[in-house]
Each structure stands twice: as structure tokens, then as C-alpha cells.
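Each remark here refers to the structure printed beneath this line.
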Amino acid sequence: MRDVSTPLDMTKKVLLGAHMSIGGGVDMAIERGCSINCTAIQIFVKNNMQWFARPLTREEIAAFLNHVQRGELLSIFAHANYLINLAATNRQFHANSLRALSEELIRADQLELPFLVLHPGAHLGAGEDAGLDKVIASINRVLARIPKVQTRIALETTAGQGSCLGHKFEHLNYIIGGVREPERLCVCLDTAHVFAAGYDIASETAMRKMFTQFDRTIGRDSLVAIHLNDSKTARGSRVDRHEHISKGKIGLAAFRFIMRHRRFRKIPKVLETPKGKDLAEDVMNLRTLRALAD
Ligand code: ZN
Ligand code: FE
Ligand code: FE
């Protein structure tokens, strides 16, 4: 055991990190995250550009679960494929979405990940109400198929681009309140998305208000993860474009609030900002965020 009072470990206690590539195998994400001192990472559970993948082998699962550095990451969670749309209006697309989501939940469960972040869906012209009801029916079907899976679905707050649902806290509350097994759902808040969706997060006061609204609408305990992204686009633009921390339009107050507030200490906070293979941009963004904490 290392002395926990050293400055290094003080920074390491914050649940902070970034989305990590699984290129070369799911276990590689652990090494990547640890190489830049992450304490939390998010991963895809398969290639993000494809609907389906062959199941994980015993060896792949063991390589991940038994990785010597796995313990250094206090939180590892998953993000679902971007192709999935539980409100899809095309039959085949919808069927693919249900199958892909259940397969990804199974993979995440095999890797013992607590939740899989999912964008609620896009109604594609059917209207918000019809879209939300379709999402509820879809989640019911998926979860009924995999009763033993313990990995929960973390619905993500979205920017509301196009016909995407989830840009209002009320949408997420409606879904959680409408499904048969609400205890299998939770929520991930994305700073760039709530900002683009129109929520004011420019100051400490505004942040407090936004979270009060979140707590009243969805419930304080539903929040299990935060995506820390700055936004290239303006507040209320409804356009989802992530930017490096402090280089976008959000301003530092929102990030300072999240980095300093006790409430978020045990909630994993991960970056989803653009980066190259050497992770230099992650290192830069994590440094900016850690500096805000003290
Ligand atoms: Zn997302
Ligand atoms: Fe996100
Ligand atoms: Fe996004």
C-alpha cells in the first residue's frame, strides 16, 4: 500500500479519467487509462462502427478481469454503440437496436461493468411523445430478455440534435418512470450536452440551479457518471460538438463546480474530447481539471 497522504494519491482519489480505446482488446483500455493516471475510464464493449460482434471469449474476459492494473481504476463503465436507436421507425433498424443493446449489456456484464451509457434515441419525426413511449417499450423488451444481467442502463442527457430525445431532464424522468424495471436504469450527465440543450451552466449559481432541477426532475441518486466535455457550439444550439476543457463556450465555472463539490467526488467523471493515439490531449485536459480541484 502506498502512503495515501502523498500529493500523487490525493489527485488519484478523484474519480477522473477519459474514454479509452479498446483497440487490441478490452484489456488494453485498462493499460491506456493507467498510463495517464486515470482513476476512472469509459469504454465501448465492442467496435463502435458495427452493429454486432462475435461474443467475447473466456480469454478476453479473463484478460480484462484479471489485469494487474484493473484495481488502479476505481470505476470502469461502458458506453453503448452510437448506431443504437430505441425509437427507430424502420423495423430492421429497430430490431437491430434491441439486439445490439442486449448483446452490449451482456458483454458489459461479463466485464463486471456497473452500467452502460446510452443515448435514449431519436424519434425521426414521429414526435417526442411517440418516441419516448417507443424507448420505454424497447427498454422493457431488452431488459426482459436478459433478467440476470446486472449492468444497468445509464441514460445520457443529450444535446437534442435533430430529433434526439433526452435534452430535457423531463424526458429521462418520463422514461425511468415508465419502464417496468426502473431500478435497472440510471443517468449520465454530459456537460457539453446540457449546455447545448439550453441549460445555463455558466456560473456556480447556475450550476446549483441546474442540479436542483436535475434532482427534482430525475432524482439525485440516479446520477452515476458525468461526461466532462467543453462545447464548440453555443448554449441552446442543440448541436453536439465536444471541445477541449477551457477551449470551448462553457467556461471554467461549470468544471470547477464539478471538480470541487463533495457530491461528485464518488461519481466517475470522464472526458470525451478529441485526441490522438498518444493521449496528449487527455493529459492536457486532465491537468486543467485537476488544477480546478484545488
Ligand atoms: Zn454519449
Ligand atoms: Fe457523452
Ligand atoms: Fe456528445
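Structural remarks
- If you go through segment 1-49 and pick out every residue that is farther than 21 Å from V68 by Cα and at pLDDT 95 or above, you end up with 1.
- Residues in segment 252-277 that are within 16 Å of ligand 3 (Cβ to nearest atom) and assigned to a loop (DSSP other than H, G, I, E, B) were compared, and the one that is least open to solvent (accessible area, probe 1.4 Å) is T273.
- Wholly enclosed helices (runs of 4 or more DSSP H) of segment 107-221 bearing at least 1 residues within 16 Å of ligand 3 (Cβ to nearest atom) and open to solvent by less than 50 Å² (accessible area, probe 1.4 Å): 169-178, 191-197
- Qualifying residue in segment 234-241 (condition: touching a residue at least 24 places away in the same chain (Cβ under 8 Å), touching a Ser or Thr at 6+ places or on another chain (Cβ under 8 Å) and of a type in the set (K, R)): yes
- Only one of the numbered conditions (1) touching a residue at least 12 places away in the same chain (Cβ under 8 Å); (2) more than 16 Å from ligand 1 (Cβ to nearest atom); (3) not in a loop (DSSP other than H, G, I, E, B) is not met by A88, and that is (3).
- Residue that is touching a residue at least 40 places away in the same chain (Cβ under 8 Å) and either part of a helix (DSSP H, G or I) or surrounded by 18 or more Cβ atoms within 10 Å (Cβ to Cβ) (or both), where the choices are N37, N96: N96
- Of E128, E72, E104, E112, all but one fail to be acidic (D, E) and within 16 Å of ligand 1 (Cβ to nearest atom); the exception is E104.
- Checking the stated criteria, R32 turns out not to satisfy the condition of being surrounded by fewer than 20 Cβ atoms within 10 Å (Cβ to Cβ) and basic (K, R).
- Scanning segment 278-294 for residues that are assigned to a loop (DSSP other than H, G, I, E, B), open to solvent by 20 Å² or more (accessible area, probe 1.4 Å) and modelled with pLDDT of 95 or more gives a single hit, D278.
- Among the conditions (1) closer than 23 Å to A40 by Cα; (2) more than 16 Å from ligand 2 (Cβ to nearest atom); (3) crowded, with 16+ Cβ neighbours inside 10 Å, K249 misses just one, which is (1).
The values are calculated or read from the model by the stated rules, or taken from the named source; none is laboratory data. These numbers come from a predicted model, not from an experiment. Cβ coordinates were reconstructed from backbone atoms using ideal geometry, including for glycine residues, and neighbour counts include every protein chain displayed. Keep in mind that these areas ignore ligands, DNA and RNA; they rest on the heavy atoms of the full protein, side chains included. Shrake-Rupley method; radii C 1.70, N 1.55, O 1.52, S 1.80 Å.
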